[in-house]
Amino acid sequence: MEFIQEVPGIHEVILKDKLIKKKMMRRMSLFPHQAAPLGNLELTSDEIQKEFENDTRELVSELVNLPTRARIQAMRALPLSFHERRYVRSRVMSVKHSKKNDLLPTCCTDCHQQTSLFCRRFGAGVTTARKRLVIWQDALKEIGGRFGTSVLSYFRFVKWLLLFNIISLLINFSFITIPQIIHSPNITHTVNFRGLELLTGAGYFNQTVFFYGGYNGEVIVNQPPYNMQLAYFFTIAAYMVLCGVSLIYSMARSFQKNFVLVSGPAYGGAWRLLCSWDFSVVNEKAIQNHKNNLSVQLKETLSERFQRKARVSVSTVLKRLALSLVAWTLCVLLAIGSCAGIYFLQSDQSRLVSGLADDLNAEASTLILPVVVSLINLIIPLTFSLINKMEHYTNPRTNIYIGIMRNVLLKMSILGILCFYWLSEVPYTISCWESFVGQSVYRLVLVDFIFCLLGSFFGEFLRNIIGTKCFPSLGVPEFDIATNVLNLIYAQTLAWIGIYFSPLLPIIQVIKLFIIFYLKRVSLSMNCQPPKHTGRAAQMQTVYVALLFFPSFIGALSLVAYTVWSLKPSEQCGPFQGLDKPFQTVHQWMDTVHNIPGSEWAWWIFEHVLRNELFFYLITLIVLVLTYFLWQVTQGRKQLIRTLREQIVNEGKDKTFLLNRLQSIQKQRRATAAFSPQEYTERTYFNQNWMNTLPLEM
Amino acid sequence: MGTTATKLPKDQLSEYQELTFLTKQEILLAHKRFTELLERNDRQQPSSRVPMDKICALPELKSNPFRRRICHVFSTSDTKDGSLSFEDFLDLLSAFSDSATLEIKSHYAFRIFDFDDDGTLDHGDLEKLVNCLTGESADTRLTPEEMSQLINNILEESDIDKDGTVNLSEFQHVISRSPDFVSSFKIVL
């Protein structure tokens, strides 16, 4: 049956598809724009017609042989006008039809046709439905249309993080929380709900499933038995692995797409002119801005080129170096200062809390630290940008990257100092320390959210009013993508750190991201203008994903891993009470596995491979060797690209040389033909541009 | 009759779906917008055209510096007046849609930038392109020296076979290195 014929040979299909595309490209470049150069080639209209007919016939016969889906795709992708595509389609259809008529129209073929039609319609329906289901599709379109791709990348990032958190919420909820709730549905609350808990996470929430303390580690004996310890351990581990894999995957993908392909000679002005225009922007003001910025940037690059030729004197280089050294020292000092402040506040506060246990004031005082952290996060980056203004960088992109680096340094050192405190002192001083850490993270997440709301109100709304009403010279604020993205990364790091201590923390993160999306959207359209220096949006996106991976995810992962592997869980609460380390649950489990007959191999693998250092040395060694090997391959490819490029240039030279020869010969022949005009037939004039129409295979 | 006249026949709709990158909803929306642009008595005829000025006045194209070029490129009118039939209009939206391939997008981008329709981007085309992008006002316009310097830079970077012009494959080569292009070459109704 035809269906069976369609399935095999996917490679063949792809090959054919490529062939057709190549042909069409050739055809389109031979006959661009209503065949204008054909006049130059001085072909008669009959011949043009014939050539056209030949090409079309070839194309039709190739299209007929493709399976239905691929044919539709190929026809859509023909760079022809709609009329021509329709013509091609009708020819294809008629050929198909005549073929069909050769076969006897049995009930079976009819049925088959019907089903294939149905399947196709169904497939189309599903794709449309899927497109509609994607969250915020229209909102994203609108944002892209009004503010351009670089702003859009921020909102895409929000959406991406939201998906991450929804997945983690689903996993945690279904594998940890639901069994726990089923197992022991009524937790006795010693404290009444007062409202302040919403902010602090303490008191009423302390014993709920929101935090580590609300779970207990007994094996649920109902049928089927459910081992809570293992479930807790493996759920968190699976989520972390999932996050890591998807981060690495998307990072590698976008790195390959946006950096590796980009590096090359086509980099500066050509890119800016040929592909930077954002056709999707329809806002009049935004377009005017875009034009102005583009003109400024072009002028800058040109003057930079001139400057690069003019050598910079040694004294200015030294001055710049000294300036950036001063700036870096200032930034590092500020970061260290804020870290020290946070550390002392933290340890002071724990003394305060232990003195005033179970009092409303004590509970409220726990909010001091998150507020201070958020204030630092708000104010120090502003100072950094002031410091940044004092420096001088020739390349605006270096400027942006340095700003990002300093902010990341600050945020990560703050988180680092907090984590250090939580892991080095808290476990030995507080009875249910995991819940305590969970509550601290909860407070940080929540206060950060409140500051984000306030920030967009005061920072953007009021700044807009001041800029438009009081000091028109200030103008409308720009939407600062870098700061906003870094705040998101910071919040996500907190969420990852808290996942072990508070398994339902992703709820907060989901709500937060959801609100942030709408808030920023409104704030953007009411208060802000699109940023002036839009770097290359796609590249910046890669940097953000990389930042999310390297300090943020890796940091959180190592924190959780350290907790699981080497910290003693609290004795009074939580799933792992009574164990030396949470990881011990796996040991215990493996021991029970050992006793089950027929599964000794699993125990053997665990005992001799996974617990053996040599195994990990070997894996590291293999990875290193592989990396080296792949690096060598890339080096070889680079060499190859260089050679091929030279070859293209040489061939271009060859072509020009041959063309000149051809033209001079033609001139001679025309001169001789002037004596005997009957024998000379027109037609062999050559257009100087014909060589551009040859496809350049690269 | 007004409502029935603006409806698309089912088989035509499926044909449009099959031959363009647009979804059913997008085609219907495009049809609605297009019939609004037509004169009342032209609405009955399937092949009636909308003049270029009306297309350029659409809010999606109104401020686009390339609007006239876009109309010219997608128009199949015999008189080359840039007027669009409904199918031309669909073609335009299809090429600028989300799901169009990079090849199609770069092909049409090339034709839009090729102001003199000769199949290559030469010095003159690039100059017009720069003027379109930076705007015609005195403070944003580049000086002649800057312009020639810029065009030389562009050719140096993208003219691989060194024949003084950028052809389609060279153009596509530049574009293949710009990951933002696909998302920015987009017009949505």
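As an exercise, find the ratio Rg/Rh for chain B from alpha-carbon atoms, using the Kirkwood inverse-distance average for Rh.
Looking at chain B, the ratio lands at 1.02.
Each residue of the stretch A:322-330 in turn: what ³J(HN,Hα) in whole Hz from Karplus with 6.51, -1.76, 1.60 and θ = phi - 60°, glycine and Pro shown as x?
These are the phi-based 3J(HN,Hα) values: 4, 4, 5, 5, 4, 4, 5, 4, 4 Hz.
Could you compute the FRET efficiency for A:N595 and A:F457, with r as their C-beta to C-beta distance and R0 at 45 Å, rounded to 0.05?
In this case the efficiency is close to 0.15.
Roughly how many whole Å is it from the C-alpha centroid of the stretch B:26-57 to that of the stretch B:78-125?
With the stretch B:26-57 and the stretch B:78-125 each reduced to a Cα centre, they are spaced 19 Å.
Kirkwood hydrodynamic radius, the stretch B:102-184, all distinct C-alpha pairs: what's the number in Å?
13.4 Å
Using θ = phi - 60° and the Karplus relation 6.51 cos²θ - 1.76 cosθ + 1.60, list the HN-Hα couplings for the stretch A:404-415 in order, rounded to whole Hz, with x at every Gly or Pro.
Taking θ as phi minus 60°, the curve returns 4, 4, 5, 5, 4, 4, 4, 5, 6, 6, 4, 4 Hz for the stretch A:404-415.
Testing the spin-label approximation: label points 7 Å from Cα along Cα→Cβ at A:Q288 and B:S99. State their distance in nm.
Here the answer is 3.8 nm between the modelled labels.
Between A:V609 and A:L557, what FRET efficiency follows from the Cβ-Cβ distance if R0 is 25 Å, with the result rounded to 0.05?
0.65
Pop out the ³J(HN,Hα) list for the stretch B:146-152 in order, Karplus 6.51 cos²θ - 1.76 cosθ + 1.60 with θ = phi - 60°, rounded to Hz; leave Gly and Pro as x.
4, 4, 5, 4, 4, 5, 4
Hey, with R₀ at 30 Å, roughly what FRET efficiency would A:M390 and A:V522 work out to, going by the Cβ-Cβ distance, to 0.05?
Efficiency at R0 = 30 Å is approximately 0.30.
For the stretch A:374-410 and the stretch A:601-651, what is the centre-to-centre distance using only Cα atoms, to the nearest Å?
So the separation of the two Cα centres works out to 37 Å.
Cα-based Rg of the stretch B:29-76 per 2.2 N^0.38 Å, rounded to two decimals?
1.16
Distance cut-off 31 Å, Cα to Cα: go down the list A:K469/B:K128; A:K285/B:K128; A:K257/B:K54; A:K411/A:K638; A:K638/B:K128 and report the pairs above it.
Flagged as over cut-off: A:K469/B:K128; A:K257/B:K54; A:K411/A:K638; A:K638/B:K128.
Let a ≥ b ≥ c be the square roots of the eigenvalues of the Cα gyration tensor of the stretch A:382-481; is it rounded (a/c under 1.5), or, if not, prolate (a/b larger than b/c) or oblate?
oblate
For peptide B:140-147, how many partner chain Cβ atoms fall within 10 Å of a residue's Cβ, on average?
The per-residue average across the peptide is 3.
Given only helices, namely DSSP H runs of n ≥ 4 each adding -39500 (n - 2.57), what is the per-residue ellipticity at 222 nm of chain B, to the nearest 500 deg cm²/dmol?
Only helices count here, giving -15500 deg cm²/dmol.
For the stretch A:527-627, what is one quarter of the convex hull surface built on the Cα atoms, given in nm²?
13.1 nm²
Quick check: from the Cα gyration tensor, does the stretch B:1-91 come out rounded (a/c under 1.5), prolate or oblate?
It comes out prolate by the Cα gyration axes.
Find how much the distance from A:Q588 to A:V317 grows on full extension, using 0.36 nm per residue of separation minus their present alpha carbon separation; answer in nm with one decimal.
91.2 nm
What nm distance separates the two modelled labels at B:R33 and A:R642, each placed 7 Å from Cα along Cα→Cβ?
4.9 nm
Give, in nm to one decimal, the length gained when the segment between B:D117 and B:K80 is fully stretched (0.36 nm per residue of separation minus the Cα-Cα distance).
Full extension from B:D117 to B:K80 adds 12.1 nm.
Treating only the Cβ atoms of Lys and Arg (+1) and Asp and Glu (-1) as charged, compute the dipole magnitude of the stretch B:1-129 about its Cα centre; round to the nearest 20 debye.
Taking the Cα centre of the stretch B:1-129 as origin, the dipole is about 700 debye.
Every number in this text was worked out from the coordinates using simple rules, so none of it is lab data. Since this is a predicted model, take the numbers as computed values, not measurements. Glycine also receives a Cβ, built like all others from the backbone with ideal geometry; neighbour counts cover every protein chain displayed.
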